[in-house]
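In what follows, a single structure is set out as structure tokens and then discussed.
The values are calculated or read from the model by the stated rules, or taken from the named source; none is laboratory data. Because the structure is predicted, anything quoted here is derived from the model rather than measured. Because the Cβ atoms are built from the backbone with ideal geometry, glycine has one as well, and the counts that use them run over all protein chains shown. Calculation scope for accessible area: heavy atoms of the full protein, side chains included, ligands and nucleic acids excluded. Shrake-Rupley method; radii C 1.70, N 1.55, O 1.52, S 1.80 Å.
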Amino acid sequence: MISYPPEPFRIKVVEKIQLLDREAREKVMEEAGFNVFNIASKDVYIDLLTDSGTGAMSDQQWSAIMQGDEAYAGARSFYRLKESVEKIFSFRYFIPTHQGRAAENILAELLVRPGTMVPSNTHFDTTQANILARGGRPENLVISESEDPSTRYPFKGNMDVAKLERVIEEVGTENIPLGMITITNNASGGQPVSMENIRQASEVYRRHKIPFFIDACRYAENAFFIKSRESGYENKPLLQIANEIFSYADGVIMSAKKDAIVNIGGFLAMNDEQLFNQARNKLVLREGFPTYGGLAGRDLDAIAVGLWEGLEESYLEYRVGQTKYFGERLLQIGVPIVEPPGGHAIYVDAGMMLSHISRDIFPGQALSIELYLEGGIRAVELGSVAFAYEDPSTGETIYPALEMLRLAIPRRVYTRAHFDFVVDVFGRIMENRETIPGYRLTYAPKLLRHFTAAFEPVQ
Ligand code: F0G
């Protein structure tokens, strides 16, 4: 029997959820323009849209919120967060931001110029969009193993370092204002990156004097995978593993809405003093004074505590165990997923599951619609709706490697019975999958189109 460690907490507060009947769900979906982002939360039964900002905070975090210092400048909350950030990430400077993409925006505004290129293993959608918005070119250099959903390579999120060298050679260091790595690799199946890979990428970036920033939203889950899968790290404390990861970088962008288990918040940290001074000026212009950066003092305190809770070993064993349980149960009933299961989500290979739907009519979108219609479950397409874009220089459409549907798992929110329900719904969809239609766009903005696009079924 597949299982996972019991929740290392008990439940003190609950929130009611309800499943609308089929007819009501059909009406909701039509009114939402066949885009689950337009559905009201009250109409969703199990919400696997994202693990971002959707976690349950602990009693300790709620207590910390009561101690929030709301002073405009130099609040105690800021210093408490500074201490947590310094101990885990150990960069010389940091600024809070209201969430991850605000940090991305500041970094992109300061460094990315039209025509420049920013390599990464795989950029997430907001990072990609922030680079494109400054006229830059995001370049994804994830290892080729990631393109085969069924291979069980332990670190499928890795960067192809040889390719990185080649790309740097071709483009020239003067056209690469920064280099990145995303841990875990959200846009490539939520797969982890090995310490060895981070070290090698760092070596290349440093040899070419390219500033190296880690997109660190899910660094704690990544650290746990390093501990459980990479030799030499079995007995190291997670904090030490995190410290080593960040020692190879020049800075991080962080969405605290993931591994810091808060509902809002993020930060940008770095070692370069000059860059920090510029970032601080941008922060004052757009986000707020440097000691609160677009957040309330209480939010800073919740992050300061949550950073430690997200790095606890018993929590991560349960967390990664739950994700694995869910993934293995889906595999048992024949649902093709990205293997092995990652940390924060299960990625269904919708292109494979709905192979009768071609990628121009969006198999991932079709599956997201069917999942809501069949079970009131919400999940996000991470395929051509989210990631296909026009190359700014050639005008050619660049497609992502896979057409995926992501079932993201909010932290400390759902129990095994919820996941069993989702698996049953998938079972019913599998039986009738040939009848599911594709969808065409009726509205789409240029950047980040998946959030607000509208669709209609292709008959
Ligand atoms: N980087 C990665 C890898 C992310 O997954 C996200 C957000 C961000 C940056 C941006 O952070 O949302 O705080 O502005 N990912 C969410 C998700 C939205 O659903 O995966 P943000």
Among the candidates Pro149, Pro114, single out the residue that is assigned to a loop (DSSP other than H, G, I, E, B), away from the ligand (no atom under 16 Å from the Cβ), within 21 Å of Phe387 (Cα to Cα) and open to solvent by less than 40 Å² (accessible area, probe 1.4 Å). Pro149
Thr54 being over 14 Å from Arg378 (Cβ atoms) and touching a residue at least 40 places away in the same chain (Cβ under 8 Å): no
Over region 391-431, the set of residues exposed (fewer than 14 other Cβ atoms within 10 Å of the Cβ), in a loop (DSSP other than H, G, I, E, B) and modelled with pLDDT of 95 or more is Thr415
What pairs can you find where one residue is in region 191-203 and closer than 18 Å to Tyr233 by Cα, the other is open to solvent by less than 10 Å² (accessible area, probe 1.4 Å) and in a helix (DSSP H, G or I), and their Cβ atoms are less than 6 Å apart, with a gap of 6+ or different chains? Pro192/Asn222; Pro192/Phe225; Met195/Ile226; Ile198/Ile245
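Within region 82-102, is there a residue that is part of a strand (DSSP E or B) and more than 22 Å from the chain's Cα centre (by Cα)?
Kept after step one, since they are part of a strand (DSSP E or B), are these residues of region 82-102: 93-97.
Now drop any that are not more than 22 Å from the chain's Cα centre (by Cα), which leaves 93.
Scanning region 82-102 turns up at least one residue that is part of a strand (DSSP E or B) and more than 22 Å from the chain's Cα centre (by Cα).
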Report yes if some residue within region 92-107 is in the same structural domain as Lys258 (by TED's automatic domain parsing), touching a residue at least 12 places away in the same chain (Cβ under 8 Å) and more than 16 Å from the ligand (Cβ to nearest atom); otherwise report no. yes
Screening Ile226, Ile198, Ile261 for residues that are at pLDDT 95 or above, out of contact with any Phe, Trp or Tyr (no Cβ under 8 Å at 6 or more places or on another chain) and surrounded by 24 or more Cβ atoms within 10 Å (Cβ to Cβ) leaves only Ile261
When residues of region 225-273 are limited to those that are more than 21 Å from Arg199 (Cα to Cα) and polar (S, T, N, Q), the one farthest from the ligand (Cβ to nearest atom): Asn263
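Rundown of residues vs (1) touching a residue at least 24 places away in the same chain (Cβ under 8 Å); (2) surrounded by fewer than 20 Cβ atoms within 10 Å (Cβ to Cβ); (3) assigned to a strand (DSSP E or B); (4) hydrophobic (A, V, I, L, M, F, W, C), yes/no style:
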site	(1), (2), (3), (4)
Leu268	yes, no, yes, yes
Gln274	no, yes, no, no
Gly294	yes, yes, no, no
Ala302	yes, no, no, yes
Glu317	yes, yes, no, no
Gly351	yes, no, no, no
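Let's see how each residue does on (1) within 23 Å of Phe267 (Cα to Cα); (2) more than 16 Å from the ligand (Cβ to nearest atom):
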| position | (1), (2) |
| --- | --- |
| Lys156 | no, no |
| Ala162 | no, yes |
| Val167 | no, yes |
| Glu174 | no, yes |
| Leu178 | yes, no |
| Thr182 | yes, no |
| Ala187 | yes, no |
| Gly190 | yes, no |
| His208 | no, yes |
